[in-house]
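The values are calculated or read from the model by the stated rules, or taken from the named source; none is laboratory data. Values in this document were obtained by computation on a predicted structure and should not be read as measured data. Here Cβ is always computed from backbone atoms with ideal geometry, including for glycine, and neighbour counts include all displayed protein chains.
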Amino acid sequence: MASNEYFAMPSEETFTFNGSRIHRIQYPHAEALSLRLMKSLEKREDDFTFSHRINDRWENTYLPIEKIPAAREVIGFARDAAVRIYKQPLLALYEPVGSSPNPPFWFNLAGPGAITGVHDHSKEAFVSGVFYLKAPANCGNLFFRADGEEDFVLEPIQGKIVLFRSDLKHGVAENLSSGVRISLAFNTFSLPLSGIC
């Protein structure tokens, strides 16, 4: 078996877009962890910090890891899966990296009408991901974009993690539901860290 071969676990789906693999993984015990994370978010609302506003809403919501330690569980799980999938040593970091004042994980609390524009994380990370804590129907599909390609679209599913190379351009379509989509997004880092430290 070649060292770069990858075999999906039973709880995983693999998609290919523009030469890159995108993985969707069921997080074990997702319901219990999502409840813990959402309770922490409710209790720690006064501790939120934000990066930027888009269309009159805060795009990224940050909390220090000591205020929401359960985030380590899903990010660590995702990092371990990414190491296995991408055959690359990766770090999950929980403190601000380089010149950023914010940690490399954040929550998105996206209410009706919320949209996230197309972007990538190529300057910051090697593998990025998102874990869906709450995903009502029609709450905004994750999409990936590349020149000359039709967008690849994934519906957010509560309890699932999506992993992808950080240089893949992606965005989130409008939340057409009456509810709030809640997700935890994160970056993982390859060694050495010289490019970002």
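Among 157, 75, which is within 28 Å of residue 29 (Cα to Cα) and assigned to a helix (DSSP H, G or I)? Let's see the steps before the verdict.
Details: 157 fails: assigned to a helix (DSSP H, G or I).
Only one candidate qualifies: 75.
Given the options 182, 157, name the one that is of a type in the set (A, V, I, L, M, F, W, C) and surrounded by fewer than 18 Cβ atoms within 10 Å (Cβ to Cβ). Before you say what the answer is, go through the steps one by one.
Numbers: 182 fails: surrounded by fewer than 18 Cβ atoms within 10 Å (Cβ to Cβ).
Being of a type in the set (A, V, I, L, M, F, W, C) and surrounded by fewer than 18 Cβ atoms within 10 Å (Cβ to Cβ) holds for just one of 182, 157, which is 157.
Being surrounded by 13 or more Cβ atoms within 10 Å (Cβ to Cβ), among the β-branched types (Val, Ile, Thr) and either touching a strand residue (DSSP E or B) at 6+ places or on another chain (Cβ under 6 Å) or under 17 Å from residue 23 (Cα atoms) (or both) is the requirement here; does residue 74 meet it?
Details: surrounded by 13 or more Cβ atoms within 10 Å (Cβ to Cβ): yes; among the β-branched types (Val, Ile, Thr): yes; either touching a strand residue (DSSP E or B) at 6+ places or on another chain (Cβ under 6 Å) or under 17 Å from residue 23 (Cα atoms) (or both): yes.
So residue 74 fits the description; yes.
Please count how many residues of the stretch 13-41 are closer than 21 Å to residue 126 by Cβ and more than 17 Å from the chain's Cα centre (by Cα).
So the count comes out to 4.
What are the pairs, 6+ residues apart or on separate chains, where a residue within the stretch 128-153 that is farther than 19 Å from residue 112 by Cα has its Cβ under 6 Å from a residue that is buried (at least 18 other Cβ atoms within 10 Å of the Cβ) and modelled with pLDDT under 95?
Correct list of pairs: 128/121.
With the checklist (1) touching a strand residue (DSSP E or B) at 6+ places or on another chain (Cβ under 8 Å); (2) farther than 24 Å from residue 31 by Cα; (3) not in a helix (DSSP H, G or I) in hand, flag the one item residue 133 doesn't pass.
Residue 133 satisfies every listed condition except (2).
(1) in a strand (DSSP E or B); (2) surrounded by fewer than 18 Cβ atoms within 10 Å (Cβ to Cβ): which one isn't true of residue 25, the others all being true?
Answer for residue 25: the failing condition is (2).
Only one of (1) in a loop (DSSP other than H, G, I, E, B); (2) surrounded by fewer than 13 Cβ atoms within 10 Å (Cβ to Cβ) is not met by residue 103, so which one is it?
All conditions are met except number (2).
Cβ contacts < 6 Å: first residue closer than 19 Å to residue 50 by Cα and touching a residue at least 60 places away in the same chain (Cβ under 8 Å), restricted to the stretch 64-84; second residue in a helix (DSSP H, G or I) and not hydroxyl-bearing (Ser, Thr, Tyr), any location; separation 6+ or different chain. Result?
Filtered contacts from the stretch 64-84: no entries.
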